[in-house]
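As structure tokens, the structure follows; a few thoughts come after it.
The values are calculated or read from the model by the stated rules, or taken from the named source; none is laboratory data. Keep in mind that what you see is a predicted model, and the values were worked out from it rather than measured. Cβ placement follows ideal geometry from the backbone for every residue including glycine, while neighbour counts extend to all protein chains displayed.
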Amino acid sequence: MTQYLLSVYMIDGQEPPSEEEITKMYADVDVVNEELKQTGAWVFAGGLHPATLATVVRENAGEVLLTDGPFVETKEQLGGFWVIEAADLDAALTWARKATVACQAPVEVRPFQDVPEQ
Amino acid sequence: MSVAAATIEQVFREESGQAIATLVRLFGDIDVAEEAVQEAFLIASERWPQAGVPPNPPGWIVTTAKNRAIDRFRREASRHDRQVQALDLTAVDPDEEEGAMPTDPMRDDRLGLIFMCCHPALAQSAQVALTLRLLGGLQTPEIARAFLVPEATMAQRLVRAKKKISAANIPYRIPRDEELTDRLRPVLAVVYLVYNEGHTVSGGEQLVRDDLCREAVRLARLLAELMPDEPEVKGLLALLLLSEARRPARTTADGSLVLMPDQDRSLWDQELIAEGHELVRSCLRRNQPGPYQLQAAINAVHTDAESAEETDWAQIIALYDQLLAWTPTPVVALNRAVAIAQLDGPRAGLAAMDGLQLDEYYAYHAARADLLARIGSAEEAREAYEAAIRLTDNDAEQRHLRGRRDGLGASD
């Protein structure tokens, strides 16, 4: 089994979806989540507030600095994510297909590194 | 080269793919498989010249490679002991074992490896490199030369692709029936691309290019053998065989290009043509057309004619109409227009070319130039030839186009 991060990308400046579309999106995502839980693929998931509300913390020459806003100023920002467990990439991609349809946004699939054996 | 050394080289090219595939299936790791198979061939090169070539060389290689891989896992047993136990493999002496090779094509381990190499999560350039290296038994420098990239770039591409397969856990498996059509598409595209790369006439490295064509035909034959029920697989094999049949007539001794109407048809390989035609007929009987079958059918009509004039152009246009429905690209439309020019004359062909979005495609300008020359518009033809020459960096194509341009009559 491999764990995968499914990141949902939101594109800034796009026309915000209507109330109705948002309701449908939440409902569709709920269906995917329920299926993930029932099949045992679910590890964790969550939606994020916009990147404009982010704070970046970084260490520089022994001093920790804070900056207001996202780390990378791009149009495409992480909007939410799933962590799932799947037998292989094909199984993970099957979940990603469901995820992108439910969220109506591109989904990036990345494998987690194996946890080093003790 | 001794008999044994020649045999080893031949066995490597023909059988290393099978051996690597079996090891990937057993051990789930490409690097382990490659290393073990390389070691097995190294041992063969020491053993065979003295002890003689074993009765079943590929079986001997697989067994020896398997033993090497098990040895390696044993050495690293603390990490992999469960895997070794799970495999429950006991090393056997390759000289004692009868070495049964799989005979059922669907059990052939190479099929799973092909779908792994051509997984849609890998970029096409990576799919091509992996397929040639793992299934074709080509070495990294050979692949790099064939695709005109530095060796280091190709090596890096292969390392990255293998790393992605392992980290992202791209599975070794044969797709289920309902996903086969989708998964087959990149596999066929890779084989077709390898052929075209070899087919592109180029001044240097002719040997590398011949090798690529042969390798693509070999891969297409393998696919047709492994998936006898897929009409598009047959279609691809037929297409490659019918192109390959004409290859001896495509260039002159000095490497210049000869277009199909001017080719010496006695140089065409009739055996390959017969085989290609039989494949096309068997595809037609199944009546599940697709782009490769249609292109093969077009080639079958071409190779059926004694000369360009005797070609059944109406049939070719009808096939291009069908092909356009599958792949509505301007390049297909251009080829259709060339056929229309043959049937209804150059003006009809030029009209069919009007409005195609192919300003950056040399073959579009070359085809227009030929038709413009035929209706006596020498000045426009010259401009079109010039545009075509600018847009190709292939020596043989350029030489051919300059020849055509210089053969134009005085400007009108």
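Out of the residues in the range A:70-110 that are touching a residue at least 60 places away in the same chain (Cβ under 8 Å), within 14 Å of chain B (Cβ to nearest Cβ) and surrounded by fewer than 19 Cβ atoms within 10 Å (Cβ to Cβ), which is nearest to B:ARG183 (Cα to Cα)?
A:ASP88
From the list A:LEU53, A:LEU65, A:LEU5, A:LEU48, which one is hydrophobic (A, V, I, L, M, F, W, C), surrounded by 10 or more Cβ atoms within 10 Å (Cβ to Cβ) and within 14 Å of another protein chain (Cβ to nearest Cβ)?
A:LEU5
The rows are residues; the columns are (1) within 13 Å of another protein chain (Cβ to nearest Cβ); (2) surrounded by fewer than 20 Cβ atoms within 10 Å (Cβ to Cβ); (3) not charged (D, E, K, R).
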site	(1), (2), (3)
B:ALA126	no, no, yes
B:ALA129	no, no, yes
B:VAL149	no, yes, yes
B:PRO175	yes, yes, yes
B:GLU179	yes, yes, no
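Just give me the residues in the range B:387-410 being of a type in the set (Asp, Glu) and either at pLDDT 95 or above or in contact with a Leu (Cβ under 9 Å, 6 or more places away or on another chain) (or both), in sequence order. Even if it seems obvious, please write down each step before you answer.
Going residue by residue through the range B:387-410, those that are of a type in the set (Asp, Glu) are B:393, B:395, B:397, B:406.
The one that is of a type in the set (Asp, Glu) and either at pLDDT 95 or above or in contact with a Leu (Cβ under 9 Å, 6 or more places away or on another chain) (or both): B:GLU397.
Taking the range B:48-70 only, how many residues are more than 24 Å from B:ARG25 (Cβ to Cβ) and crowded, with 18+ Cβ neighbours inside 10 Å?
Matching residues across the range B:48-70 total 1.
Could you list, in sequence order, all residues of the range B:393-412 that are over 16 Å from B:VAL258 (Cα atoms) and either touching a residue at least 24 places away in the same chain (Cβ under 8 Å) or of a type in the set (A, V, I, L, M) (or both)?
B:LEU408, B:GLY409, B:ALA410, B:SER411, B:ASP412
Residues of the range A:43-77 being over 23 Å from B:ASN169 (Cβ atoms) and aliphatic (A, V, I, L, M), which ones?
Those that are over 23 Å from B:ASN169 (Cβ atoms) and aliphatic (A, V, I, L, M): A:LEU48, A:ALA51, A:LEU53, A:ALA54, A:VAL56, A:VAL57, A:ALA61, A:VAL64, A:LEU65, A:LEU66, A:VAL72.
Among the residues that make up the range B:102-118, is at least one of them part of a helix (DSSP H, G or I), surrounded by fewer than 16 Cβ atoms within 10 Å (Cβ to Cβ) and at pLDDT 60 or above?
no
Can you tell me which residues in the range B:374-411 are loosely packed, with under 15 Cβ neighbours inside 10 Å and among the charged types (D, E, K, R)?
Once the filter is applied, which keeps residues that are loosely packed, with under 15 Cβ neighbours inside 10 Å and among the charged types (D, E, K, R), the range B:374-411 yields B:GLU379, B:ARG390, B:ASP393, B:ARG402, B:ASP406.
Residues B:LEU188, B:LEU184, B:LEU180, B:LEU158: which one is touching a Leu at 6+ places or on another chain (Cβ under 9 Å), aliphatic (A, V, I, L, M) and farther than 30 Å from B:THR392 by Cβ? Let's see the steps before the verdict.
Details: B:LEU188 fails: farther than 30 Å from B:THR392 by Cβ; B:LEU180 fails: touching a Leu at 6+ places or on another chain (Cβ under 9 Å); B:LEU158 fails: farther than 30 Å from B:THR392 by Cβ.
After applying the criteria, what remains is B:LEU184.
What are the pairs, 6+ residues apart or on separate chains, where a residue within the range B:208-229 that is among the charged types (D, E, K, R) has its Cβ under 6 Å from a residue that is assigned to a helix (DSSP H, G or I)?
Final answer for the pair search is B:ARG209/B:GLY198; B:GLU225/B:PRO105.
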